[in-house]
1. Where only protein heavy atoms count, and the probe is 1.4 Å, what is the accessible area per residue for the chain in Å²?
2. Give the carbon-plus-sulfur fraction of the accessible surface of region 83-143 in %, rounded to a whole number; probe 1.4 Å, heavy atoms of protein chains only.
3. Once the cut-off is 23 Å, how many percent of the Cα-Cα pairs in region 42-141 end up in the long-distance tail?
4. What relative contact order, as a whole-number percentage, does the chain give when Cα pairs under 8 Å and 6 or more residues apart are counted?
5. I'd like the orientation of helix 81-105 relative to the chain: the angle between its Cα long axis and the longest Cα principal axis, in ° from 0 to 90, rounded to 10.
6. Using a 1.4 Å probe on the protein heavy atoms only, what accessible surface does Ser107 show? Give it in Å² to the nearest 10.
7. Top mean-square fluctuation among Pro158, Pro15, Pro111, Gaussian network model of the chain, C-alpha springs under 10 Å?
8. Could you list the trypsin sites (Lys or Arg not before Pro) in region 19-88 that lie in coil according to DSSP, counting only those with at most 13 other Cβ atoms within 10 Å of their Cβ?
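The values are calculated or read from the model by the stated rules, or taken from the named source; none is laboratory data. Note that the structure is a prediction, hence the values are computed from the model and not measured. Please note: Cβ atoms are built from the backbone with ideal geometry, for glycine as well, and neighbour counts cover all protein chains shown. What goes into the accessible areas is simple: the full protein's heavy atoms, side chains included, and nothing from ligands, DNA or RNA. Shrake-Rupley method; radii C 1.70, N 1.55, O 1.52, S 1.80 Å.
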Amino acid sequence: MLLLTFVGQKLGQTPILKFCLYGIAAALVAFFEEYLFRGMILGGIVAQCRGKRSTAVIWAVLISSLIFSLTHMINLFHQSLAMTVTQVVGVFGLGLLLGAIYLRTRSLWWPILLHFCLDFSAFLRFGFRQGTDPTMTVGDAAIMAAVLLVIALFLLRPSKQERIMRNFT
């Protein structure tokens, strides 16, 4: 990300260049974060839970989403504490949804695509410097996370959990 910001500053700030840099950055972030947090961490936790109660699926998504959200604390180096906490709360909800989508589809491509679209639209709106919408509050992010939790719980309802566990054994 820093390299793309540096390249953008050196080559100028034409709209086409910024659009391309934002697209490249969003694609790289989406691919690597989804591979790590959903593919390796979530997939690994679920695989370790074989033979355990079906609620292990929910716990796996919660744990991987928490790890995913806490890694965004690194943004404290370039944004305020309030903005970072807001982002961490929102990213936790996003992690729940992305994890549920991954487990239901058994494909990383859907979470990667959704993650790319969200990051790309954020880059277009705020550039590389802002990690989240500066007008969003922690309360707004908590409401969004709660809605995403409900959607994730629906996707991971008990009638689907046995099939999910079979897919990861």
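1. 56 Å²
2. Within region 83-143, the accessible surface is 69 percent carbon and sulfur.
3. Numbers: 1525 of 4950 pairs.
Across region 42-141, Cα pairs with separations above 23 Å total 31 percent.
4. Here the relative contact order equals 32 percent.
5. 50 degrees
6. About 30 Å², rounded to the nearest 10.
7. Pro15
8. Values: sites: Arg38, Arg50, Lys52, Arg53; in loops: Arg50, Lys52, Arg53.
Passing both the DSSP loop test and the Cβ count: Arg50, Lys52, Arg53.
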